[in-house]
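Novice: Quick one: this structure, given as structure tokens, is what I'll be asking you about.
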Amino acid sequence: MSLRTQSLRINLLSLVCLVCLVCLSMTPVGAWAQAYADHPPCYVDGIADRLRCGSIEVAENPLQPEGRKIDIHYAIIPAIKNIHPDEAFLAIAGGPGQSAIDSAPTFDTTFANVRRTRDILLIDQRGTGRSNPLLCPEDTSVLPLQVDDRQFDVALETQNCLAQLQGDVKQYTSAMALADFEAVRIELNYQKLHLYGISYGSRMAQLYMRRYPEALGTVTLDGVVPMQQSVLAIGLAIDRAMALLLAECADRDRCSEQFPNLAERLATVIAELDQSPAMLQVIHPTTGEPSKFFLTRDKFLGVLRLALYAPTTRSLLPLAIDRAAAGNYQPVLGLYSLTMNGLDLAMGMHNAVLCSEDIHRLTSDLTEQLGQSTIGTSMLEQMSDACAVWPADPVDDDFFKPIASAIPTLLLSGQQDPATPPEWAELAMSKMTNAVHWIAPHAAHGVAMQTCAGRLIAQFIDLGSTTEINSECIQDGGAGGFYLNANALDRPATATALQPNTEESP
């Protein structure tokens, strides 16, 4: 669900904190017992415990089984007390284009209660991570602070990416990857999987529900992308999230007093940057040295979009917008610096999915709405230019049908989510007969990472139902505030602390 601008990209997925894999020894395994008895251990930066890692070989094109082969890599975060050796918790990353294995520390922390009794299984989806990643080259000749994204030729960059990739890029769709996931499950001899899919990963989880329901115990969808929805509608979701932020500040006395007319000031900044980008003298956020910061309209909007994904950065936006309207872009620079090193996203795989599954689903009504969107217009233009070049076979209409299922399913939405709003989850569950939807009023994208939901998911897996689970902590926890200046946070009087995921389950 991420759309690229030069050196500023976002995972829809989920804005999980990715870290690099330091050491990963990959060896195929057979049954679960062999994985623990015979498998060499591997280590992931951010997790002290030894993991079990491996790979399976699959045909890149299932219709040509004797043709080109690729390796699908996986890692197992072993259960602390494995009382369910025939079950695993499969956490599916977002993007599309993120590596699940690189996200291991985040999954390990978030689902510590799940790990007490079950393995956490991570699979790098084909085209990501270590599974034949479809990585596009990046121009590193221009410093991130000074890059002019207006000069970025999406079609040309897409052609350059295709020229250096090997294999058939049409084979990196969600349906192809789903068969890989099931092959890993069979190889490891897990009888049941408990799925967790975040952002685009929720699409993969729903496809699993449709195609291999007998392999699933429970399903959790976090930041839900319904099968009926083109992810390119994210532009409208961003507008919605920004409107919520502006309204929230206006409704709070201290925020509205400190930042009056914030919506108008934001519109002024956008208009000024649209007419004339700013070349600013700033202090480099990492070196502390004087530097130049070239800021365009789209780079500014990209900063705002990224900041909306998490409560901590969202709380800085009124201050950043107000200072920018006064000509002080240092707070914007601070937020921009969080993305200067890029995000670990395989853009080739990203294109393979969106160009086969989403671009052709744009209706005239949706196109018209996106054309009126502040951010959606630019995103749609970029993805259209990329897909005009990228080889893809559009999926058929059956792909877009809602999932009809009786599998116990928990759907999670953040009310402030700038990517997958709560109404998307309602759409996804229209034909799910054993599903419940919880909305976290103060969370953004990735409810499990921002609230007590990780602990509740462990209870859901144990019970196979939500009927006996007290979910009040999702409603009450996480209420934040807005920074009135660099040191003062205007926190609501009703705010309560988050309940950590590692609490004992009641």
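Novice: Give the residues of the range 448-463 that are open to solvent by 30 Å² or more (accessible area, probe 1.4 Å) and over 10 Å from residue 110 (Cβ atoms), sorted by residue number.
Specialist: Hits for the range 448-463 are 462, 463.
To keep it simple, each residue is scored yes or no on (1) within 13 Å of residue 158 (Cβ to Cβ); (2) assigned to a helix (DSSP H, G or I); (3) touching an Asp or Glu at 6+ places or on another chain (Cβ under 7 Å).
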site: 354; (1), (2), (3): yes, yes, no
site: 370; (1), (2), (3): no, yes, no
site: 373; (1), (2), (3): no, no, yes
site: 378; (1), (2), (3): no, yes, yes
site: 386; (1), (2), (3): yes, yes, no
site: 390; (1), (2), (3): yes, no, no
site: 395; (1), (2), (3): no, no, yes
site: 402; (1), (2), (3): no, no, no
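Novice: While we're on this one: Checking residue 445 against (1) closer than 30 Å to residue 153 by Cβ; (2) of a type outside the set (D, E, K, R); (3) open to solvent by less than 30 Å² (accessible area, probe 1.4 Å); (4) part of a helix (DSSP H, G or I), which test does it fail?
Specialist: Result: residue 445 passes all but (4).
Novice: Sticking with this structure for a sec: Within the range 106-124, can you find the residues that are in a helix (DSSP H, G or I) and buried (at least 24 other Cβ atoms within 10 Å of the Cβ)?
Specialist: Hits for the range 106-124 are 107, 110, 114.
Novice: Right, something else. What helices (runs of 4 or more DSSP H), lying completely within the range 231-321, carry at least 2 residues that are of a type in the set (Val, Ile, Thr), surrounded by fewer than 19 Cβ atoms within 10 Å (Cβ to Cβ) and out of contact with any Phe, Trp or Tyr (no Cβ under 9 Å at 6 or more places or on another chain)?
Specialist: none
Novice: Being open to solvent by 50 Å² or more (accessible area, probe 1.4 Å), touching a residue at least 24 places away in the same chain (Cβ under 8 Å) and part of a loop (DSSP other than H, G, I, E, B) is the filter here, so list the residues in the range 164-180 that pass it.
Specialist: 168 - this is the single residue of the range 164-180 that is open to solvent by 50 Å² or more (accessible area, probe 1.4 Å), touching a residue at least 24 places away in the same chain (Cβ under 8 Å) and part of a loop (DSSP other than H, G, I, E, B).
Novice: Let me ask something else about it. Being in a helix (DSSP H, G or I) and in contact (Cβ under 8 Å) with a residue 40 or more places away in the chain is the filter here; which residues of the range 419-434 pass it?
Specialist: Residues satisfying the conditions are 424, 425, 427, 428.
Novice: For residues in the range 484-506 being within 21 Å of residue 317 (Cα to Cα) and open to solvent by less than 70 Å² (accessible area, probe 1.4 Å), which is modelled with the highest pLDDT?
Specialist: So, considering only residues that are within 21 Å of residue 317 (Cα to Cα) and open to solvent by less than 70 Å² (accessible area, probe 1.4 Å), the one modelled with the highest pLDDT is 484.
The values are calculated or read from the model by the stated rules, or taken from the named source; none is laboratory data. In this text the structure is predicted, and so the values were computed from the model without any measurement. As a convention, Cβ positions derive from the backbone with ideal geometry for all residues, glycine included, and neighbour counts pool all protein chains shown. Ligands, DNA and RNA are stripped out before the accessible areas are found, and what is left, the full protein with its side chains, is counted by its heavy atoms. Shrake-Rupley method; radii C 1.70, N 1.55, O 1.52, S 1.80 Å.
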